[in-house]
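The values are calculated or read from the model by the stated rules, or taken from the named source; none is laboratory data. Since the structure is predicted, the reported quantities are computational estimates derived from the model, not experimental observations. Cβ coordinates were reconstructed from backbone atoms using ideal geometry, including for glycine residues, and neighbour counts include every protein chain displayed. SASA here: full protein model, heavy atoms, side chains in, ligands and nucleic acids out. Shrake-Rupley method; radii C 1.70, N 1.55, O 1.52, S 1.80 Å.
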Amino acid sequence: MIQEVMRQLPAGPAQQAIGYPTLFALVALGSLVPVVPTGALVSSAAVVAFHQTSPFALLVVFVVAAAAAFLGDVCLYWLGQRGVRSKNGSKWLRAISGRAAPELLARAQRKLDEQSGTVLVLSRLVPAGRIPVMLACLLGRMPLRRFARGDVPACLAWAATYQLIGILGGSLFPEPWQGVVAAVALTLLISGAPALWRRLRRVGAAGSSTQDT
């Protein structure tokens, strides 16, 4: 059934005119609010672009995804800065703080003191690494302009990584929908693996402490 739906989807400039702005809006929204799996979106768009005849489709997906991620990051950082400067904080700062695990925040603060540029790039590539690093930058009072300079290569590397996942999925399967399913499954597995690992470690630690007592 999914295959039949994909065959009936209209192709061409009209579809692209709708698809690219939608991709931009969803990636930017996902950078602000963690309700949209942005990595899966970029990989899925890359699969579709891979199967198109236009040689520039993949380039457009890359530019749109990177620009949207950058815009979302900068907006979220600006909103977080307002909370840092305010005596009572803000809902955005509280939201960012609530999404950063304490141990990840402490690690990000240590790494940020050593090499801020590299840490910003890696924060976009490591699952669940973006928010702790951003919060560490906010608490360290990093200026918005400096954060934006470091976030440019981070967003470019992020867009390229998830686009490569999509290209891989598109090259392995003859039908676009098959590549989309594979790319989404892989990106969700990558993004969920760190949280699952931390949960297993906590369960193991709790079991060890119970046996010791």
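Before moving on, here are some points about what is shown:
- With respect to being crowded, with 21+ Cβ neighbours inside 10 Å, touching an Asp or Glu at 6+ places or on another chain (Cβ under 9 Å) and either modelled with pLDDT under 75 or of a type in the set (A, V, I, L, M, F, W, C) (or both), A69 fits the description.
- Scanning segment 134-149 for residues that are in a helix (DSSP H, G or I) and open to solvent by 10 Å² or more (accessible area, probe 1.4 Å) yields L139, L144, R145, R146, A148, R149.
- Close pairs (7 angstrom Cβ cut-off, 6 or more residues apart or separate chains): farther than 11 Å from Q81 by Cβ and in contact (Cβ under 8 Å) with a residue 12 or more places away in the chain in segment 132-152, buried (at least 20 other Cβ atoms within 10 Å of the Cβ) and charged (D, E, K, R) anywhere: D151/D73
- Cβ separations smaller than 7 Å between residues 6+ apart or across chains give the following pairs from segment 169-184 residues that are closer than 12 Å to V48 by Cβ to residues that are assigned to a loop (DSSP other than H, G, I, E, B): G170/H51; P176/H51; G179/F173.
- If only residues of segment 36-61 that are of a type in the set (A, V, I, L, M) and out of contact with any Leu (no Cβ under 8 Å at 6 or more places or on another chain) are counted, the one that is surrounded by the most Cβ atoms within 10 Å (Cβ to Cβ) is V47.
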